[in-house]
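A short worksheet on the structure shown next.
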Amino acid sequence: MKYSGILLSLLCCPALVFAASGSWSDSQPGMTLQNRGVVSSAAALNPPANAPVRQTPAATIESVSWNYRLYGPQPAGLQVKLCNTNNRCAQLDGASGQTRAFYGQSAQAPFRLVFFVEGKGRLNPPLRIVSQQVMVNYR
């Protein structure tokens, strides 16, 4: 019966044990890149105004998933980074995936996708990013 006190605590107060675990996601329309050699930052991806993480200042990131869609083929030399407002960036290796590069960072911080196409001159056709999305898992 010595475990009954622990079990009772978990049953009575599950909010204390799991209160800070969760996730938030945001998606935004993309943008168009006209030229090579220019760094372009997409719109910020933020926790929704009513997200529980906004009430949990101590929440830290476990992992971040991303997804972006291009209209048309990917141009040679495309580089994409996922950055947060703490000036930490992770080089992305594809249009979707998951990273733990932001582990321990604030889960309230917005993210941005940053696009760059190596070289100089106009892109023909222009690179159209149709959509972008992140999902932040936090504790």
Qualifying residue in the range 29-44 (condition: under 12 Å from the mean Cα position of the chain (by Cα), more than 17 Å from Arg128 (Cβ to Cβ) and surrounded by fewer than 17 Cβ atoms within 10 Å (Cβ to Cβ)): yes
Residues within the range 82-96 that are under 15 Å from Ser131 (Cα atoms) and in contact with a strand residue (DSSP E or B) (Cβ under 7 Å, 6 or more places away or on another chain), tallied: 3
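Read-outs: derived from the displayed coordinates by stated rules, not from any lab. Keep in mind the model is a prediction, meaning the values are calculated, not measured. All Cβ positions, even for glycine, are placed from backbone atoms using ideal geometry, and neighbour counts span all protein chains on display.
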